[in-house]
Amino acid sequence: MKNIWNNIIYSVTLSVVLASCSSQWSEVGEKPQKLPKLKEKLFIEKIDSLHSKRPHYFYSKIKVTYSDEERKVSFKSSVNIVQDSALSAILSYAAIPVFTAYLDTEKITIVNKKDKCYTEKAITDYSELWGIEMSFENIQELFFGLPIGYIKSAKYHVLSNPYEYIISTHKKREQKKSEKRHKSNLIYTYELNTDAKSLSSAHIYSPADSFKIDIKYIEWQEKEGSHYPKEMKISLLGPKTTAEIKLVFNKLRINMPRKLSLIIPENYETCN
């Protein structure tokens, strides 16, 4: 049971690295409507604007449903984030706190209350484990509903599609070459919703590892004049990994100051 929960916690935490594949039409046979054209300059300005809107303090209750080839479980969590500083989370099962997680800009610490032990690893260790670079900033971007991995100074390309607003770090032909040659570069793709006001989905793909993370933003909620995720689904797909994580956010609080800390009891030992 301990190993199962550890794997789930790591998967939920790591899923934070991420971004998006194109959404499918909601009804089979429904003819999609062409969208008004969005010039590349305006498209990038919208992505820039979305990426810059981040709160200093973030708190939310989150219902998590995790499933892979072997199991499906649901549990509740509460997440606190101080921008560019730290993140803490409490995961409960059957209304009992089981795990406490604390992330700063360099490491992830997970305290297992059930087995009275803890695990501490550098974020880079998880990057090497999954074959995709991740950072504390990426984790913030996931919970804030921002374009994950977006770099303002980088070059992006609008992918020609009259029915969707899609921008990527690579042109279509470059993506195909990278996939064919298993190049080590990461491909980031972002899709705006039909009114071009928020993200519809995001995607990160590593051709070298054939590993993909898809994030679909199912519903948004407005708070303090900005939009934050209400419900999202994260899909992890690789040669040795197939998993889905559904996150539903409730009781969202923005910019209410909180001090984050982690206490590890003296009698706790390192988890095996």
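Every number in this text was worked out from the coordinates using simple rules, so none of it is lab data. Here the structure is a predicted model, which is why all the values come from computation and not from measurement. Here the Cβ positions follow ideal geometry from the backbone for every residue, glycine too, while neighbour counts run over all protein chains shown.
So PHE211 ticks every box in (1) touching a helix residue (DSSP H, G or I) at 6+ places or on another chain (Cβ under 8 Å); (2) free of Cβ contacts under 8 Å to residues at least 60 places away in the same chain but one. Which box is left unticked? Exception for PHE211: condition (2).
Picking from residues in the stretch 237-253 that are out of contact with any Phe, Trp or Tyr (no Cβ under 8 Å at 6 or more places or on another chain) and under 14 Å from ILE213 (Cβ atoms), the one that is surrounded by the fewest Cβ atoms within 10 Å (Cβ to Cβ) is THR242.
Listed here are the residues, each with its yes/no results for (1) under 16 Å from SER168 (Cα atoms); (2) surrounded by fewer than 17 Cβ atoms within 10 Å (Cβ to Cβ); (3) of a type in the set (Ser, Thr, Tyr).
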{"site": "ASN185", "(1), (2), (3)": "yes, yes, no"}
{"site": "ALA196", "(1), (2), (3)": "yes, yes, no"}
{"site": "PRO207", "(1), (2), (3)": "yes, no, no"}
{"site": "LYS212", "(1), (2), (3)": "yes, no, no"}
{"site": "TYR217", "(1), (2), (3)": "no, no, yes"}
{"site": "GLN221", "(1), (2), (3)": "no, yes, no"}
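Scanning the stretch 94-114 for residues that are in contact (Cβ under 8 Å) with a residue 24 or more places away in the chain and either surrounded by fewer than 17 Cβ atoms within 10 Å (Cβ to Cβ) or at positive phi (or both) gives ASP104, THR105, GLU106, THR109, LYS114.
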